[in-house]
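Here the structure comes first, spelled out in structure tokens, and everything after it is commentary.
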Amino acid sequence: MTDAATNMRLKLPIVCFILQIILIILFGTLVQYDHDTDARAWHNQSKSDYENEFYYRYPSFQDVHVMIFIGFGFLMTFLQRYGFSSVGFNFLIAAFCIQWATLMQGFFHGMHGGKIHIGVESMINADFCTGAVLISFGAVLGKTSPVQLLVMAVFEVTLFAVNEFVLLSALGAKDAGGSMTIHTFGAYFGLTVTRILYRPNLEKSKHRNSSVYHSDLFAMIGTIYLWMFWPSFNSAVTAQGDDQHRTAMNTYYSLAACTLATYGMSALTAHDGKLDMVHIQNAALAGGVAAGTAGEMMLTPYGSMIVGLLAGIISVLGFKYLSPILEDKLKIQDTCGVNNLHGMPGILGAIVGAVTAAVATTDVYGKGMGDVFPDVASGEIEASHQGVRQIISLAVTLGIALGGGLIVGFILKLPVFGAPSDSICYEDGIYWEVPGDEEGHEEQLTAVNTAESEKLNS
Amino acid sequence: MTDAATNMRLKLPIVCFILQIILIILFGTLVQYDHDTDARAWHNQSKSDYENEFYYRYPSFQDVHVMIFIGFGFLMTFLQRYGFSSVGFNFLIAAFCIQWATLMQGFFHGMHGGKIHIGVESMINADFCTGAVLISFGAVLGKTSPVQLLVMAVFEVTLFAVNEFVLLSALGAKDAGGSMTIHTFGAYFGLTVTRILYRPNLEKSKHRNSSVYHSDLFAMIGTIYLWMFWPSFNSAVTAQGDDQHRTAMNTYYSLAACTLATYGMSALTAHDGKLDMVHIQNAALAGGVAAGTAGEMMLTPYGSMIVGLLAGIISVLGFKYLSPILEDKLKIQDTCGVNNLHGMPGILGAIVGAVTAAVATTDVYGKGMGDVFPDVASGEIEASHQGVRQIISLAVTLGIALGGGLIVGFILKLPVFGAPSDSICYEDGIYWEVPGDEEGHEEQLTAVNTAESEKLNS
Amino acid sequence: MTDAATNMRLKLPIVCFILQIILIILFGTLVQYDHDTDARAWHNQSKSDYENEFYYRYPSFQDVHVMIFIGFGFLMTFLQRYGFSSVGFNFLIAAFCIQWATLMQGFFHGMHGGKIHIGVESMINADFCTGAVLISFGAVLGKTSPVQLLVMAVFEVTLFAVNEFVLLSALGAKDAGGSMTIHTFGAYFGLTVTRILYRPNLEKSKHRNSSVYHSDLFAMIGTIYLWMFWPSFNSAVTAQGDDQHRTAMNTYYSLAACTLATYGMSALTAHDGKLDMVHIQNAALAGGVAAGTAGEMMLTPYGSMIVGLLAGIISVLGFKYLSPILEDKLKIQDTCGVNNLHGMPGILGAIVGAVTAAVATTDVYGKGMGDVFPDVASGEIEASHQGVRQIISLAVTLGIALGGGLIVGFILKLPVFGAPSDSICYEDGIYWEVPGDEEGHEEQLTAVNTAESEKLNS
């Protein structure tokens, strides 16, 4: 099954080493330890070691890190013959993105005297940006080569940083958990890319685009880790004190309510009243996405639950009714259903954030207004204006995601990146040495390849 | 394989949505952010952001959260064809319980001016209560519908909160890691329920009530996570400072000693001198259960090890010799052996706690007595009296668990909840869309169903 | 398949219980809570509860704990029929080692008035020492009985503590993440042991010394957890404040760069330009190993990346070209390739540490020099001398590892420990009750055993 087109012998090493060497040169030129990480700078301050930012961010960082590498990685192992690629390419892309995002986000946010200062907060932000790329990966899962994915990541990280800068710095929006910057952006960027990469003959690989019993259990590892640590995700970069505390708790209740909604909707809509693993693995997480913007606000616990409930309902309905339409009518082949898990719940989260911001009052926030809405606290703008900012931010995000995805999609269509042919998608054997297993899959694959070669030859 | 009785099309959605809407209404009416979570209240204090409770409890909370969702969930995936239900129903029940427990525990513990105040500590306590329900789930695993489980949870959470209130508030007992409130209560409640739900013809499903190679590996994920994070579990709600530190360390040594005892006992008692995965997956955890009450006391490291050693021995002996007797003579069909992992080690832990409390002296505790035994420190009672309180608490717990389990067991027998018939227990296909796998299980199941239908028709 | 030689009925219980009882007696005689864990001692200080060491070390401890029990345990499940033993023996050895290491390290480091004081830092150090033993376990994986492994652990922990004392206390070297004390020591100790235990007829078990599809996915759970938490590992016992912060960040970038190098090298060297799971599972971690000594120093982010890049390249080349040579020419049968993951990257890390130490200047470290190089800060020695100390430490480590491995290897050759015969290595069925699975492996194994019995009888 040697196939010149998908052979990675030279392509992947060249891309990996060139990217890594560029990263090293740019880090050597531009990046410095920040004041909490640098030996000299830290000891020039009069702070106690206990006050180092590390102790107040690092546990959250590690939870986010688990979501990125285990959560996203295993969530995508549901495909029967794509587990190596799901976890493995997730690992590769993420390892690249956390470095590249440090630079891109640093250019826009962290320059001090010509240098990018880094510490635990930049590490969290880099992981966040990586999350957006992995969401887009979910849309194209099974249909792309690792080189395509790295190329996509180069551009997407850059656009992410631009969008994030526009939203948080230029427009003054709030989006601590990234309903807009991460989920909406990652989803619609990825959906546009997969639209451009539309494969009319993908049904040739249809039999591999489904799960088997054990692959669904591996995927549940991803789901549960994402679900458990989402409170840490949404609260990781909010202001310290009550803000982190409140964000984590709002997210916790949103997720819990979303889970009950997901089980209810799944039994209601699925075949024979049975639960569908696709819903459980994905829709139960929509509550975390939808609490990404408003989680740090005074959303109240029951408000969080209502948001989670709606997110779960929308997400299951999306999987059941909208995804087939998108595929048939709009030619959007969305492998993981990222529109249902990240796209629509992300938009919901953005709207909830805008409404919650617009109704903020000093009566409710007290002196805490400064942490959540500094421009409202300072009297610069009204709360309602903050709501408008949030909605403009959603529009900007959608615009950059769609425009960026369009361009990047066409770049990825260039026939030099080793994409698999339509009949051999969702198959680890293209890019991995796959050990024999107990059911003779290796032989199956060989058969597929032979069939394909014959077609090519004929 | 459509079966009207077990069809969840309407039952599950109705129960999920009714419960969730009740929760939202009650939260809207009764629940408020506490002083460390509320923007206004926090900023009205003169505390530094670093002193927020969040930073001293949240890492423990996340460890407990992993135990509840990954630990319990995957521990139960050992059954060959019940992995979706094990992880999936665990997920559903837990998502409901953490919300319902917030209310029930709040009624008894957290009312401030007619409102329930919530924060990270209430989140930990809600997860704890959920743990008890999941223990009971282990006893009935494979034999209940998700609707039965939710109904059980509604009642069990309520009784848990009553028992917890009696023990900790009315009787003044100490039980930070829940040897009594969580493990003893959850186990004997569940065992009573499974006794009431006794299925005389369960041997028809016997061939599915066992593990396969990979399902045992999935279960080890659950075991190891429970084992690793048990020190966080037992210390999560103790007093801050030395108390949390000491509790975590005592639990660590108890678990380590328990593990050696488990391996020794397993080889000694199992067939051919071989190790039995059932013992390793379960009994090695008994040391954490048994350190649940005394862990925060000055148990000493070697004392903790002795407790762990005893717990491991008791637990393996229970699996080997007691479980078959309970099933044959007392008609208690205990799928996961919760009597061996939670029941007997919980009672051991309660007794160890009572003895350790009774011998407490100011010489050993110094000014730290106030954190562990406030009533002894204040001179209100003698240490020996504290020991008596602990023993009474054990008796109360057993009484409420047995009485409550009796009533709830009969409620669950009502033929409206969609329980599976005897020949089709331990089978995901009843409640889940199961993908084909490599061995044609789907066909097996169909065969089972056909056989059953024929029986029903004849 | 009863085989008297490998029957653990008496051997394993005797060893487990004797070891555990000795541990309890020694703990009872020698071990005490430290000042942050003891109720009386803590409350005699005037510290706030928030200043307890627990809050600044315990999250790191739990990350390390996950690496030891999940990371190492699951990394070794890649073998098709050795998953129970990989996770299970890892669990047993580690549970023993954390207790025994507390004592051995306490003898050398933690004596206060004739007592060993323990707390969260000793727990981390005990887990570290356990890591070294598990590395050695990787070299002999599949070829040893649990009794042999416990005996090996008894000696290796002792030698580890001696080596650690010589390096850190006598020589004044720095090695917070253990490039030398943990990785180099564990690897070369294990490699020497496996050389002494050389099995000329091991090819009889060759067909089982490989992975299957799902076993590689289980192994990826181990890999990813090790990768994610390595920043916590390297920073767990460094000085508080900037030091922990910097170490975590250096390790994070080293690992990221290492991962890109690993993917590039794997595609470059593997068959048909395809990625090899063995490389991804192992070599991607070499960046953590190589940052173990210099991670706490002012290595700079780009310096860390260069170290990671080199480590990844060396490690893949080792797997591809060196391992076969070691096996054929030097008769070193290294099941997990620990030379490539821990050995060579450990030596690289030691050298990087020596160079980085030798070039340290007050200009760069400022008043932070005292935390990293106290003897340089106090003016006792020059920075270059610190570099010399580091290199001597590497030599000492290699000497103790090789000498110790030699002696312990011969001890393990004694025919009383129940080692498996050459034709039945890498097989869970020897020491575990293995459930039937879907492919009739049980029958395969029986066939193997029958064949073997016939051979023995003939």
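Are there any residues in region A:6-48 with a reduction of at least 50 Å² in accessible surface when going from the isolated chain to the assembly of protein chains? Probe 1.4 Å, please list them by number.
A:9, A:17, A:20, A:24, A:27, A:33, A:37, A:39, A:40, A:43
For chain C, find the longest principal axis of its Cα atoms and tell me its angle to the long axis of helix C:242-269, 0 to 90°, nearest 10.
In chain C, helix C:242-269 runs at an angle near 40 degrees to the longest axis.
Between residue C:45 and residue A:410, what is the label-to-label distance in nm when each label sits 7 Å out along the Cα-to-Cβ direction?
In this crude label model, residue C:45 to residue A:410 measures out at 6.5 nm.
Report, for residue C:321, each distance to the same residue's label point in the other copies, shortest first and in nm; define the point 7 Å along Cα→Cβ.
Ordered by increasing distance: 6.2, 6.2 nm.
Out of the chymotrypsin sites (Phe, Trp or Tyr not before Pro) in region B:159-222, which ones are loop residues according to DSSP with at most 15 other C-beta atoms within 10 Å?
Answer in residue order: B:198.
Could you list which residues have their amide H under 5 Å from that of residue A:432, counting only those 5 or more apart in sequence or on another chain, with H placed in the peptide plane?
Here C:275 satisfy the definition.
Starting from a label point 7 Å past Cα on the Cβ side, list the distances from residue C:207 to the same position in the other copies, nm, shortest first.
Inter-copy label distances (nm, one decimal, shortest first): 2.8, 2.8.
Probe radius 1.4 Å, ligands and nucleic acids ignored: give me the carbon and sulfur share of the accessible area of region C:100-218 as a rounded percent. Write down the numbers at each step before the final one.
Working: 1710 of 2820 Å².
On region C:100-218, the fraction of accessible area on carbon and sulfur atoms equals 61 percent.
Please work out the C-alpha center-to-center distance from region C:206-258 to region A:281-334 and express it in whole Å.
The distance from the Cα centre of region C:206-258 to that of region A:281-334 comes to 33 Å.
Check residue A:116: other-chain or 5+ apart residues with amide H under 5 Å from its amide H, H built from backbone geometry?
A:31, A:32
Which chain B residue puts its Cβ closest to the axis that rotates B onto C, and at what distance in whole Å?
Here the nearest residue and distance are B:59, 3.
Rounded to the nearest 20 debye, what is the charge dipole size of the protein assembly as shown about its Cα centre when +1 sits on each Lys and Arg Cβ and -1 on each Asp and Glu Cβ?
Working: 69 positive and 117 negative charges, 148 e Å.
The calculation lands at about 700 debye.
Under a point-charge model restricted to the Cβ atoms of Lys and Arg (+1) and Asp and Glu (-1), what is the dipole moment magnitude of chain B relative to its Cα centre, in debye to the nearest 20?
Numbers: 23 positive and 39 negative charges, 178 e Å.
Charge dipole, chain B, about its Cα centre: 860 debye, nearest 20.
Could you order A:410, A:27 by accessible surface area, starting with the largest, using a probe radius of 1.4 Å?
If we order A:410, A:27 from most to least accessible, we get A:410, A:27.
Provide the net charge surrounding residue A:297, with neighbours chosen by a C-beta distance below 9 Å and charges set as Lys +1, Arg +1, Asp -1, Glu -1.
On the way: positive: A:174, A:246; negative: A:296.
For residues surrounding residue A:297, the net value is +1.
Quick one: check the C-alpha center-to-center distance for region C:1-51 versus region B:1-54, whole angstrom.
Centre-to-centre distance over Cα atoms comes out at 41 Å.
Could you report chain B's accessible area per residue, 1.4 Å probe, as an integer in Å²? Don't skip to the end; give the middle numbers.
Numbers: 13020 Å² over 458 residues.
Counting only protein heavy atoms, the per-residue value for chain B is 28 Å².
At the nearest 100 Å², what buried accessible area, both sides summed, do you get for B and C when the probe is 1.4 Å? Provide the component values of the computation, followed by the final result.
Working: alone 19740 and 19750 Å², together 32690 Å².
Roughly 6800 Å².
Taking 7 Å along the Cα-to-C-beta vector as the label spot, tell me the residue A:359-residue B:5 distance in nanometres, rounded to one decimal.
4.8
In nm, one decimal, shortest first: how far is the label point of residue C:367 (7 Å from Cα along Cα to beta carbon) from the matching points in the other copies?
So the label point of residue C:367 gives 2.9, 2.9 nm to the other copies.
Averaged across the residues of B:228-241, what count of C-beta atoms belonging to other chains lies within 10 Å of each residue's C-beta?
Working: counts 6, 3, 0, 6, 5, 0, 0, 2, 0, 0, 0, 2, 6, 14.
Shielding by partners across B:228-241 averages 3.
Return the carbon/sulfur percentage of the accessible area of region C:1-95, one whole number, probe 1.4 Å, all protein chains in place.
Values: 1710 of 2840 Å².
That fraction is 60 percent.
In whole Å, what is the distance between the alpha-carbon centres of region A:139-197 and region C:75-145?
Cα centroid of region A:139-197 versus Cα centroid of region C:75-145: 43 Å apart.
What average number of partner chain Cβ atoms lie no more than 10 Å from the Cβ of the residues making up A:204-217?
Mean shielding count: 5.
Mind checking the alpha-carbon convex hull of the protein assembly as shown and giving the volume per residue in Å³? Intermediate results must be reported in sequence, preceding the final value.
On the way: hull volume 225.3 nm³, N = 1374.
Cα-based convex hull of the protein assembly as shown, divided per residue, equals 164 Å³.
Going toward the positive end of the dipole of region B:1-56, with +1 on Lys and Arg Cβ and -1 on Asp and Glu Cβ, which of B:4, B:39, B:50 do you reach last?
Selected residue: B:4.
Of all the accessible heavy-atom surface of region C:247-325, with the other protein chains kept in place and a 1.4 Å probe, what percent is carbon and sulfur? Don't skip to the answer; put the middle values down first.
Working: 1080 of 1460 Å².
Carbon plus sulfur share of accessible area: 74 percent.
Mean shadow of chain A, computed from the convex hull of its alpha carbons, in nm²?
Numbers: hull surface 91.8 nm².
It is 22.9 nm².
Just the accessible area for residue A:300, please: 1.4 Å probe, Å², rounded to the nearest 10?
Around 40 Å² of this residue is reachable by solvent.
What percent does the relative contact order of chain B come to when contacts are Cα pairs within less than 8 Å and at least six residues apart?
On the way: 797 pairs, mean separation 101.8, N = 458.
This gives 22 percent for chain B.
Want the number for residue C:325 to residue C:382: 0.36 nm per residue separation, take away the alpha-carbon distance, what's left?
On the way: separation 57, 0.36 × 57 = 20.52 nm, distance 4.15 nm.
Between residue C:325 and residue C:382, full extension yields an extra 16.4 nm.
Around residue A:235, with a cut-off of 12 angstrom between Cβ atoms, what is the net charge of the other residues, counting Lys and Arg +1 and Asp and Glu -1?
-2
Per DSSP H run of at least 4 residues, take -39500 (n - 2.57); add these up for the protein assembly as shown, divide by its residues and hand me the 222 nm value, nearest 500 deg cm²/dmol.
Working: 60 runs with 846 residues, N = 1374.
Helices in the protein assembly as shown give a 222 nm mean residue ellipticity of -20000 deg cm²/dmol.
Report, as an integer, the average count of C-beta atoms from other chains found within 10 Å of each Cβ along C:69-80.
Rounded to a whole number, the mean comes out at 2.
May I ask for the angle, rounded to the nearest 10°, between helix C:83-109 and the longest principal axis of chain C, with both axes built from Cα atoms and the value confined to 0 to 90°?
40
Using alpha carbons only, how many degrees (0 to 90, rounded to 10) separate the axis of helix A:301-317 from the longest principal axis of chain A?
Tilt of helix A:301-317: around 20 degrees.
The values are calculated or read from the model by the stated rules, or taken from the named source; none is laboratory data. Since the model is a prediction, treat every value here as computed from it, not as a measurement. Please note: Cβ atoms are built from the backbone with ideal geometry, for glycine as well, and neighbour counts cover all protein chains shown. With ligands, DNA and RNA removed, areas are computed over all heavy atoms of the protein, side chains included. Shrake-Rupley method; radii C 1.70, N 1.55, O 1.52, S 1.80 Å.
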